Every structure is written in structure tokens, then in C-alpha cells.
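**Student:** Before I ask anything, let me first share the structure, which is written out below as C-alpha cells.
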Amino acid sequence: MNIRKSWPAPILAAGLAAGLLSGCGSEQGSSGGEDGEIVVGMSDDVLATDPASGYDPGSWLLFNNVFQSLLAFPKGGTEPEPEAAESCKFTDSATKELTCTLRDGLKFSNGNELTSKDVKYSFDRTLNIDDPDGPAVMFSSLDKVTTPDAKTVVFHLKVPDATFPSKIASGAGSIVDHREYPADKLRKDGKAVGSGAYTLDTYNKNEAVFKVNGSYKGSAETHNSGVTLRFFHDDRKKLKQAMLAGDIDIAYRGLSAGDIADLESSTDAEAKAEVIEGTSAEVQHIVLNMNDPVVGKLGVRKALAYLIDREKLVSDVHDQTASALYSIIPAGIEAHNTAFFDTYGGRPQPDKAAQALRDEGITGKVKLTLWATPSRYGPATVEEFKAIAEQLNASGLFEADVKSVPFDQYEKDVEAGKYGFYVKGWVPDYPDPENFTQPFFGKDNVLMNNYTNETITGEIVPGTAAQTDRTGTQDQFHRLQDIVADEIPIIPLWQGKQYAVVGEEISGVEWCLDASTVFRFWELQKG
């Protein structure tokens, strides 16, 4: 996911919530919602109600429930299936032309008919507005959209892109009513008109209220009468208290590792809260600026790779709410390997680190500043970097310190190339290895670390993009991961786990925690 949509750790799921703790149904209901309505709390805000703008977790949560896309990810699945479309398929052998046929009888929540005109309008509008905080960046391969008739949409691509169906199945593919949304500017009234399973009834600073859309036609089957989403504005303490008090039915995002551990081990009969755990496609990396006078040296980067102890980080800093990650493609995503483990091992190797520095001609301690930002990439990021600095200094090979700056300043400094060693988090837009690789390499890569490799950008990325059989891309993506482990432009640290805390009589949350990153309101049930 474009770095603007990085999520605090540890949040998002990849794969089903396999670590489910003894189910989530019991005999008494919480008091969060009434008459089948469910109240969900999270620490994030919804930054946009217009899908041409929002590229943050709260906004995409809204989009996925209020708007339809042509395709959608089924619960527990990573292959997109028809949603507003009756069918979508590539109609050429080069994967450059995708033709979709709409379902019969589609309507927006305001009663207006949804036709191919609205689909074309939605994509044209997103690209035309090109909002810096929007998802237009995902459609760089799109040339134009044509509409042979009211039910048919054809996407003409500039280059082969077998992942395009997954891109349009995401929140970026939300379809808007052409009568309701201006073509050249964002809608700013806080309202949303879509054709999804829910309507946005009210929206303000503290909550968004969603009602079931009676005119919806699609694959979702709703199990509640509505959902209220309450925003806790990054106040994790209040979120935890609200969950324990029964003021909300589900705490979806924002609890710290300590909060989760407390809730898991709680014996308080009054707590009435249960933790559901799943794995995640969210990752965090150390990014190394290839133009930096210190880490720009391969020997220094190798020494870092030999010394960082991921297992200790996830144990001591993250309370096991994350897993050690040894490559840029996380576990659960096609083509994942363990290139960094295979090359540098799973435990610190100071002797090999020292040799790498000597081979670079370095004999004294390496002075290094580790740059972090306090909230954007998880509440424990600064603590994590301090732990890494201690690991490096304990080897006797580095003299490392940590500096933290507010996110706005941090991003400006990263773009200006002021940092050599810094942190970036990533959550996928869609569950395919391309989304963990293509954005990181070549011109204008989102890591902004001056790294290019012609084999990756000129051969592997375009070659794998053209393959409709994604299992057939494994060898090339393995090759890419091995190249990254050899050249070390980034060092993968951890892969997140996802947690939701639920009150009694709440079920269905496990179907909201999979690799698609879609939190499906319609799967939630109370009673």
C-alpha cells in the first residue's frame, strides 16, 4: 500500500484468524449496541468519505462497506470474485484488456441506476483529480475506460497487468454516482452515496453510523441491522476502557501490545472481553539510503544485517504481537521466502559483521543515527529502534543513537535524503507479491532510498506483471528477494499480527481478518 496508507502495528490480517481464542460466542450480550446493531471502536479516524481521496485505513473501511467495486475479495480468499460485476475477464492474451459485465438491477442507495457510465466516471474522476492523499497512484497501468453499452466496461491498459483485477477489487475501485460527485474536485460535505451493503447515515468527528442498504444487490449477506463506528483519536487507554466497560462491542484497531496482553491474561469476571488473533500482511522495514556516506557502503549494510536480532525485538518490544520477518514478501503471500535468514542467519553474528566491515576497509566504530517517528508506524517504533541501537552497540562495532521527529517533518526529511537509516511500514492494497515489490524499486519508489536494480525493474517486475497464473511467478519473485538480500537496500524486521477484541455474543469477526484487508461489516453478528 502506498506509504501514505501505513497502519499502526500490530493491526492488519493476512489469512484467516487461525489463532482464534476459543471462539467468540457466549451467553450474554454486551451493551455496546442494541437491536442487532453493533458498535465498533478504533483509534484511527476516517479521513475521507470520498473514494477519490482517502488512502488511509479508516477511509478504506468506510469505502469497502458503503461502495461497491466491480470485483471483491471473498471472505478468507485472495482471488477477487464478481461483486457489482456479473463477470470480469481479460479479453486479450496480453492481459492488457479487461472486460466486465455488470449485474442486472444495480442501484445506488439514493435510488439512481448504476450503469457502466458510473464505473467509467469513477475511474476517470479518480485519475483526473489525482489527489495526493488518494489512490490514483494504483492505476498507473490504466490507459482508458470504454463503455460499449450500459452493462459493459472495458479497461484498456498501457502495459500487461495481471494484478489489475485485484486493484479494482480494493477500496480504490469504489463506484460513485456520477450525478452526486463532481468530476474535477472532491466532495467535502461528509456524505457518501454508494451501492454497497451499507449506507452512511451520519458522520462526524467522533463516530460514523452505518445502516443496511435495502437496495443493495451483490454477494454480501448482512447479519446485523447496522454498525456504529466510534473514533478514539489515537487514545488507546480510552479504547481499552470502553471495551472493558461494554460501551463498544468490538475494539478493532489501536490497542497496544500491552493492552492486548492484559486482556488475554485478564481473570476479571467483569471484563467480558475476548481476544481474537490472526496473522497479518502488514510489514515493517528498516530503509537504508544508498546515497548515504555511511550505510551507502555495502559492508556497513551487511554488518547491520548480521547484527539485528528480530526474534528479540518481537519478544521484548512487541510482546509477540508480531513475527520476525526475513524477506520483503511476508508469509501467507505467494512466493514468500526467507532470503535474509538464509544469508545472514536468525541470530546476531558479530564475527561476520566485523569481517564485513573490515572488507569495506572500516576498522573503527561506525557512527550511525537511527531515525524514527513516534506514531505513524506503530506505538512501539521508537522503543524498537532504541532496542536495535542497543543491539548494534553491544557488538562493539557501532556507535548508534536514535532520534525521533513528528511524522510531517519525518516525511519531508526522508524525501530530501537527510536520513541514512529510517523506518517505513507497509500494508498491501491487494494480496499479491507484486504489491510488496513493485512500489519499492525503480524511479519514484515509495521508500525514497535511491535504490535501483535493472534486473528487478527491467525484467522481473514487468515479467511477473504479465502472468495471469500467479503461482507461476514464484521463481522470479524468489530471485528478486535474493537480490534484495544480497544488496540490502532495506532490512525486513517484522510481520504484524492482527487483533480484535470482542464482547460477548459477538460472532463473525474472524471473517473480517484476512489477507484482503477488508473489514466486512455484514459478517458481524450479535446474539
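**Student:** On a 1.4 Å probe surface of the protein chains, which of Tyr216, Tyr419 comes out largest in accessible area, and what is the full order? It would help to have the intermediate numbers written out before the result.
**Tutor:** Working: Tyr216 40, Tyr419 5 Å².
I get Tyr216, Tyr419, largest accessible area first.
**Student:** Could you tell me the largest-minus-smallest coordinate of the C-alpha atoms of segment 200-341 on each of the three principal axes, in descending order and whole angstroms?
**Tutor:** Sorted largest first, the three principal extents are 60, 43, 29 Å.
**Student:** Over segment 313-423, how many percent of alpha carbon pairs lie in each 10 Å bin up to the one with the longest distance?
**Tutor:** 12, 33, 40, 14, 0
**Student:** Ok, one more. Looking at the chain, identify the longest residue range that excludes and avoids all GluC sites (Glu not before Pro) in DSSP loops having at most 13 other Cβ atoms within 10 Å.
**Tutor:** On the way: sites that count: Glu27, Glu34, Glu221, Glu270.
In the chain, the maximal stretch lacking such sites is 271-527.
**Student:** At 37 °C and a viscosity of 0.692 mPa s, what translational diffusion coefficient does Stokes-Einstein give for segment 200-277, taking Rh as the Kirkwood radius over Cα pairs? Give it in µm²/s as a whole number.
**Tutor:** Details: Rh = 14.5 Å.
This corresponds to a translational diffusion coefficient of 227 µm²/s.
**Student:** Mind listing the phi-derived Karplus ³J(HN,Hα) values for segment 148-159, rounded to whole Hz, using 6.51, -1.76 and 1.60 with θ = phi - 60°, and x for any glycine or proline?
**Tutor:** Coupling constants for segment 148-159: x, 7, 5, 10, 10, 10, 10, 9, 9, 9, 6, 9 Hz.
**Student:** Taking +1 at the Cβ of each Lys and Arg and -1 at the Cβ of each Asp and Glu, which of Ile333, Gly361, Gly345 sits farthest along the dipole of segment 295-407 towards its positive end, judged by Cα position relative to the Cα centre?
**Tutor:** The Cα lying farthest towards the positive end belongs to Gly361.
**Student:** Would you list, by chain and number, the aspartates and glutamates whose Cα falls below 17 Å from the Cα of Lys217, excluding same-chain residues fewer than 8 positions away?
**Tutor:** Glu81, Glu83, Glu86, Asp104, Glu113, Asp118, Asp177, Glu523
**Student:** Please report the relative contact order for the chain, taking Cα pairs under 8 Å with a sequence separation of at least 6, and give it as a percent rounded to a whole number.
**Tutor:** Details: 1253 pairs, mean separation 137.8, N = 527.
Over the chain, the number comes to 26 percent.
**Student:** Right, another one. Projected onto the charge dipole of the chain (+1 at Lys/Arg Cβ, -1 at Asp/Glu Cβ, origin at the Cα centre), which of Ala192, Asn445, Leu71 gives the Cα projection farthest towards the positive end?
**Tutor:** After comparing all options, I get Asn445.
**Student:** In 10 Å bins starting at 0, how do the alpha-carbon pair distances of the chain split up by percent?
**Tutor:** All Cα pairs, binned at 10 Å, distribute as 4, 19, 29, 26, 16, 6, 1, 0 percent.
**Student:** On to the next question. Sort 424-430, 224-230 by packing, meaning the average of other beta carbons within 10 Å per residue, with the highest value first.
**Tutor:** Numbers: 424-430: 24.1, 224-230: 20.9.
In decreasing order of mean packing, 424-430, 224-230 become 424-430, 224-230.
**Student:** Treating the beta-carbon of each Lys and Arg as +1 and of each Asp and Glu as -1, no other charges, what is the dipole magnitude of segment 47-200 about its Cα centre, to the nearest 20 debye? Present the calculation step by step, with values, prior to reporting the outcome.
**Tutor:** Values: 17 positive and 22 negative charges, 27 e Å.
My answer is approximately 120 debye.
**Student:** Taking 1 over the mean of 1/r across every pair of different Cα atoms in segment 107-228, what Kirkwood radius in Å do you get?
**Tutor:** On the way: mean 1/r = 0.0634 Å⁻¹.
For segment 107-228, inverting the mean 1/r across all distinct Cα pairs yields 15.8 Å.
**Student:** Relative contact order of segment 373-493: what whole-number percent is it, with Cα pairs under 8 angstrom and at least 6 residues apart?
**Tutor:** On the way: 76 pairs, mean separation 18.9, N = 121.
Relative contact order comes out at 16 percent.
**Student:** So how strong a dipole does the chain carry about its Cα centre when Lys and Arg Cβ are +1 and Asp and Glu Cβ are -1, to the nearest 20 debye?
**Tutor:** With only Lys, Arg, Asp and Glu charged at Cβ, the dipole is about 1060 debye.
**Student:** Please grab the % of Cα pairs in segment 28-130 that end up more than 18 Å from each other.
**Tutor:** Here the tail beyond 18 Å accounts for 64 percent of pairs.
**Student:** Suppose we take every Cα in segment 408-511 and form the convex hull; what volume per residue is that in Å³? Working shown, then result.
**Tutor:** On the way: hull volume 15.4 nm³, N = 104.
Each residue corresponds to 148 Å³ of Cα convex hull volume.
**Student:** Would you mind getting the accessible area per residue of the chain, heavy atoms of the protein chains only, 1.4 Å probe, in Å²?
**Tutor:** Spelled out: the 1.4 Å probe surface of the chain, per residue, equals 38 Å².
**Student:** Using a 1.4 angstrom probe on the protein heavy atoms only, could you order Thr338, Thr95 from most to least accessible area?
**Tutor:** Values: Thr338 55, Thr95 5 Å².
Greatest to least solvent exposure: Thr338, Thr95.
**Student:** Determine the relative contact order of segment 167-245: mean sequence separation of Cα pairs under 8 Å and six or more apart, normalised by residue count, in whole percent.
**Tutor:** Working: 83 pairs, mean separation 15.3, N = 79.
Relative CO of segment 167-245 lands at 19 percent.
**Student:** In addition: Have a look at Leu114, Val39, Trp60 and report the one farthest towards the positive end of the charge dipole of segment 31-115, computed about the Cα centre with Cβ charges (Lys/Arg +1, Asp/Glu -1).
**Tutor:** In segment 31-115, that residue is Leu114.
**Student:** Taking a ≥ b ≥ c as the square roots of the Cα gyration tensor eigenvalues, with a/c under 1.5 meaning rounded and otherwise prolate when a/b beats b/c, else oblate, which class fits segment 283-363?
**Tutor:** On the way: a/c = 1.97, a/b = 1.65, b/c = 1.19.
Prolate, since a/c reaches 1.5 and a/b exceeds b/c.
**Student:** Quick check: at a probe of 1.4 Å, how many percent of the accessible area of the chain sits on carbon and sulfur atoms? Display every interim value, and only then the final one.
**Tutor:** Values: 9070 of 20030 Å².
Accessible surface attributable to carbon and sulfur in the chain totals 45 percent.
**Student:** Exceeding 26 Å between C-alpha atoms, which entries from my cross-link table qualify? They are Lys205/Lys424; Lys89/Lys185; Lys211/Lys237; Lys158/Lys188; Lys117/Lys191. Write down the numbers at each step before the final one.
**Tutor:** Numbers: Lys205/Lys424 28 Å; Lys89/Lys185 31 Å; Lys211/Lys237 28 Å; Lys158/Lys188 32 Å; Lys117/Lys191 21 Å.
Check vs 26 Å cut-off fails for Lys205/Lys424; Lys89/Lys185; Lys211/Lys237; Lys158/Lys188.
The values are calculated or read from the model by the stated rules, or taken from the named source; none is laboratory data. All values reported here derive from a predicted model rather than from experimental measurement. So basically every Cβ, Gly included, is an ideal-geometry build from the backbone, and we count neighbours across all protein chains shown. SASA here: full protein model, heavy atoms, side chains in, ligands and nucleic acids out. Shrake-Rupley method; radii C 1.70, N 1.55, O 1.52, S 1.80 Å.
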